[in-house]
1. Per residue, how much accessible surface does region 1-94 expose to a 1.4 Å probe? Answer in Å², no decimals.
2. Return the subset of K171/K233; K220/K244; K130/K160 for which the Cα-Cα distance in this structure is over 19 Å, preserving the input order.
3. Against the longest principal axis of the chain, how steep is helix 31-41, in degrees 0 to 90 to the nearest 10, with axes from Cα atoms?
4. Can you tell me which aspartates and glutamates have their Cα less than 14 Å from the Cα of K87? Leave out same-chain residues fewer than eight positions away.
5. Are there any trypsin sites (Lys or Arg not before Pro) in region 178-228 that are in a DSSP loop and have at most 14 other Cβ atoms within 10 Å? List them by number.
6. Using a 10 angstrom cutoff on alpha carbons, build the Gaussian network for the chain and name the most mobile of F61, F95, F15.
7. With labels modelled as points extended 7 Å from the Cα through the Cβ direction, what inter-label distance (nm, one decimal) is found for I92 paired with R3?
8. Of the accessible area of the chain, with the probe set at 1.4 angstrom, what percent is carbon plus sulfur?
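The values are calculated or read from the model by the stated rules, or taken from the named source; none is laboratory data. Computed from a predicted structure; not experimentally measured. Here the Cβ positions follow ideal geometry from the backbone for every residue, glycine too, while neighbour counts run over all protein chains shown. When the accessible area is computed, the model is the full protein with side chains, heavy atoms only, and any ligands, DNA or RNA have been set aside. Shrake-Rupley method; radii C 1.70, N 1.55, O 1.52, S 1.80 Å.
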Amino acid sequence: MNRIYQVDAFTNEAFKGNPAGVMLVDENFTSEQMQNLAMEMNLSETAFLIPKADRYIIRYFTPTNEVPLCGHATLSSAHIIYELGLKKPDEIILFEAKGGNLTARKNGNMISMNFPVFPIFKQDIHPDFKQLVGFQPLEMYSSSYNWILALASTENEIIKATPNFEKIKSKGLGHLIITAAGEHNDRDFVVRCFAPAYGINEDPVTGSAHCALTPFWNLKTGKTSFNSFQTSKRSGRLRLELHKDNVEIQGEAITIFAAELKL
């Protein structure tokens, strides 16, 4: 129970996708210990799993605080559970998170997860957005967990965006999704995510943001299935399916290392 793993999620290549820490612990492992380990790992999220009968309680910590939901850390956790043989490939994993009950299952080389749909609400465009981020959005929306979503005209605006992290945090844009329609056959849309309000300037690949992105692009296109490409430096790919009350998020993952905790 004292081994911690680092997994690259939403990729099948080492050092791509989004790295997450994963550790199985017992009930005596404190929140303070979790936060200290997440700070030590210095990844966007570290997940802690507490086995409970037929499910796992899962808690997510950034280097600075606990968050209720995280896509890539859930994917990484499911990957480790299957890799360690704690669940067979044909068995479904049940997670109990502060942000809701989640499931994960193997689907060939991928893992499929069910996440809640985040409702989206149109809002006025922030008057300083272009100065703060680098492009003028077509539309802006708010969503669950303080996400702000901004639509750009082109992929290039997403790729070239240069947010001032301190200023977007102070101006109420510290948990920001920017997105545009895909301009290549392998993607329906592109996205980048910035979360300086949570101690993460740019998150490499953000599963939970797609709980808002999937209904947003359904609203724009009428489609229910999407391929997303997150154009961070590390980059990552997600397959998405919109259902009535949930978003099915699929991705691959690869274990990078395991380490023994000496405390």
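1. Details: 4010 Å² over 94 residues.
Per-residue accessible area for region 1-94 comes out at 43 Å².
2. On the way: K171/K233 25 Å; K220/K244 17 Å; K130/K160 12 Å.
Long pairs (Cα-Cα over 19 Å): K171/K233.
3. 70
4. The qualifying aspartates and glutamates are D54.
5. Filter output for region 178-228: K223.
6. Maximum fluctuation in the GNM of the chain, among the listed residues, is at F15.
7. Once both label points are built, they end up 2.8 nm from each other.
8. Values: 5730 of 11920 Å².
Roughly 48 percent of what the probe reaches on the chain is carbon or sulfur.
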